[in-house]
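Contents: one structure, followed by commentary.
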Amino acid sequence: GQIDFDKLKASGQVDFMITRIGWYKESKKELNVDTQFERNYNECKRLAIPVGAYIYCYANNEESAKSGANWTINNLAGRPLELPIYIDMEDNSIMNLSKDNLTNICIAFNSVVEANNKWAGVYANLNWFDNYLNKNIIKSKYTTWIAHYTSGDDRYQGEYDIWQNSSNGNLTGINGNLDTNYMYRDLITEIGNVSHLEPQETKSITSLAYAVLNGRYGNGEDRKKALGSLYNEVQAKVNEIIKMNKTISYTVKAGDTLSKIAKKYNTTYQELARKNNIKNPNKIYV
């Protein structure tokens, strides 16, 4: 149904939204745009709510997946996102395919997304990640979003980037139940596509710095012109991030987590794990 976004935003209960674009079934030539997609997207833009998108995909082969991805990209033309585009892979009609086939369908879909300079991800429930996808391949290539309805708030921290923890959440401004999520990884900052979300003078310096590092503000005089009065402050942060990425030493203390350390240094737990050869991000030693 229609969300009252003004009430939702005013409640302080929403940090981001991932809205459904629609669903795609090439075998029956079904390309359906969700009736609320346009409104959801526009309302998120109006109220500066970071937004991503997902498509429910029934593709049973790689070519069909690529067609679905192209359809998705076309429906997002001219609509910047602050979060990734996720392929939702969990339909009963394709459960008979092998792990390799289902994994390759994800890769085919996401290769088109990435070719269009978008961040790509995979959404699936716990059963699918464990039994129907080569999840180590998926996790090494893309941002991941897992659905598993159970208690806690850090159940999948260090394993997946977003955890959908409930299908019966309740928020102000929304009638009925909805899916709620925890985002463990600061994808909004990493993607850096936030320049249009808020007035120039109130943008996060860190977010702008990551956007610069992602190439969104050009170089030299072009960057100075784009950033205006914020140039010196943003450039200082860029230099700081670059320096930190070259060499830094931190001694782990009791109570530390990789995510807390990553937040302290404006990086991600995945990057820290990679640079320090940590096989299990949930286990670090004092």
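The values are calculated or read from the model by the stated rules, or taken from the named source; none is laboratory data. Quick caveat: nothing in here was measured; it's all calculated off a predicted structure. Virtual Cβ from ideal backbone geometry, glycine too; neighbours counted across all protein chains shown. Keep in mind that these areas ignore ligands, DNA and RNA; they rest on the heavy atoms of the full protein, side chains included. Shrake-Rupley method; radii C 1.70, N 1.55, O 1.52, S 1.80 Å.
Residue count for region 37-75, restricted to those that are open to solvent by 10 Å² or more (accessible area, probe 1.4 Å), free of Cβ contacts under 8 Å to residues at least 60 places away in the same chain and either acidic (D, E) or within 28 Å of N104 (Cα to Cα) (or both): 15. Only a single criterion out of (1) of a type in the set (A, V, I, L, M); (2) surrounded by 11 or more Cβ atoms within 10 Å (Cβ to Cβ); (3) modelled with pLDDT of 85 or more; (4) over 26 Å from W145 (Cβ atoms) is not satisfied by L227, namely (3). Would you mind stating whether K141 is open to solvent by 60 Å² or more (accessible area, probe 1.4 Å), more than 25 Å from T189 (Cβ to Cβ) and of a type in the set (K, R)? No: the conditions fail for K141. Screening W145 with (1) assigned to a strand (DSSP E or B); (2) farther than 22 Å from Y41 by Cα gives one miss only, at (2). Scanning region 255-283 for residues that are over 25 Å from K141 (Cβ atoms) and either open to solvent by 90 Å² or more (accessible area, probe 1.4 Å) or of a type in the set (D, E, K, R) (or both) yields D256, K260, K264. Are any of the residues in region 27-35 closer than 19 Å to T143 by Cβ and open to solvent by less than 70 Å² (accessible area, probe 1.4 Å)? There is no residue in region 27-35 that is closer than 19 Å to T143 by Cβ and open to solvent by less than 70 Å² (accessible area, probe 1.4 Å). In region 76-93 there is at least one residue matching the filter, namely being open to solvent by 40 Å² or more (accessible area, probe 1.4 Å), within 22 Å of the chain's Cα centre (by Cα), more than 25 Å from W163 (Cα to Cα) and not basic (K, R). V122 meets the conditions (1) open to solvent by 50 Å² or more (accessible area, probe 1.4 Å); (2) outside any loop (DSSP other than H, G, I, E, B) in every case but one. The failed one is (1).
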